1. Please report the antiparallel percentage of the DSSP beta bridges confined to the chain, to the nearest 5.
2. Give the order of Phe31, Phe72, Phe164 when sorted by the count of other beta carbons within 10 angstrom, beginning with the fewest.
3. Which links in Lys10/Lys90; Lys38/Lys135; Lys38/Lys63; Lys69/Lys134; Lys134/Lys184 stretch past 18 Å when you go from one Cα to the other?
4. Can you tell me the dipole magnitude for segment 55-163 around its Cα centre, using point charges on the Cβ only (Lys, Arg +1; Asp, Glu -1), in Debye to the nearest 20?
5. Mind jotting down a quarter of the surface of the convex hull over the alpha carbons of segment 1-92, in square nanometres, one decimal?
6. Only counting other Cβ atoms within 10 Å, I'd like Lys38, Lys161, Lys10 sorted with the fewest neighbours first.
7. Sorted from largest down, give the three principal axis spans of the alpha carbons of the chain, whole angstrom values.
8. Go ahead and run the numbers for FRET between Val52 and Glu14, Cβ-Cβ distance against an R0 of 22 Å, rounding to 0.05.
Amino acid sequence: MKINEDYARKTIEEVAPLVEEFSGLETDLDFPDVTVHKKFAEDFKDAEAYYVPNLDIFHFLEKYKLKTKNIFKSLAGHETMHHAQYNSFKNLIKREIYFYNLHPIDNSKNFATESPLRRLIEGDATLIQRLIYKKLPKSKLEMLIPNLYDPCYFLWSNILKKKFNANRKDINELYTAPFEELDKIFGGSK
Ligand SMILES: [Zn+2]
C-alpha cells in the first residue's frame, strides 16, 4: 500500500483513543507532525516507521510491502504509543541520555547493548501495537498475512505480557523505576 501525510495523520488521530484506552497513558495529540519519505536515511534502513521524541515528529515510508490498512493502523499505533510514552513521562529522554552516557551503544552488537529502558519503550509500544491489531476487524485473507514484528521487540512485549499480565498500573510504574529493576526484567545493561 501507498500512503501520504494526510492519510498517516488521520490514521494516528484514529488510533490515538485506542492507544490511550490500552495503555492508560495520555496522547494529548494536536495535529500530529508527520513526514512521509520515499526511503529512509541509512541509519533507519531497518525501520518501517519511527518517532522522534524531542521534535515530536512521526516518520513513515511512502510504500509498504505486504501491508494492509489494518497493519498500517497498528504500526501507526506503535508510533503513537511512543508519543504517549514521552508525553506522559517527561524525563524519559533525560533518562535515556543518562544511560547511554554510562553505557555507549556498540552498533556491532545490534540490540545486545540496548538499554533496559529502551527495551521497555519498544516492548510496550509493540504490546499496544499487538492489542490494536487484534481489535481491528480483519478479512479471512488478511489473517494469513504475517504481521511482522521486530523479533526483539516482540520478545520484550511478551515479557510485559507474561510477567505483568498486561496490567497497566504495574507496567506504567516501570517508566520511573530504577535501571537495576528494569535490568532484572529485561536484561541489557551488561
Ligand atoms: Zn518503536
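1. In the chain, approximately 50 percent of DSSP beta bridges are antiparallel ones.
2. Phe31, Phe164, Phe72
3. Lys10/Lys90; Lys38/Lys135; Lys134/Lys184
4. Magnitude of the dipole: close to 540 debye.
5. Result: a mean projected hull area of 5.8 nm².
6. Exposure proxy ranking, most exposed first: Lys38, Lys10, Lys161.
7. Over the chain, Cα extents along the principal axes are 43, 36, 33 Å.
8. In this case the efficiency is close to 0.55.
Values in this text are rule-based calculations from the coordinates and carry no lab data. Please read all numbers here as calculations on a predicted model, not as lab measurements. Note: ideal-geometry Cβ built from the backbone for every residue, glycine included; neighbour counts use all protein chains shown.
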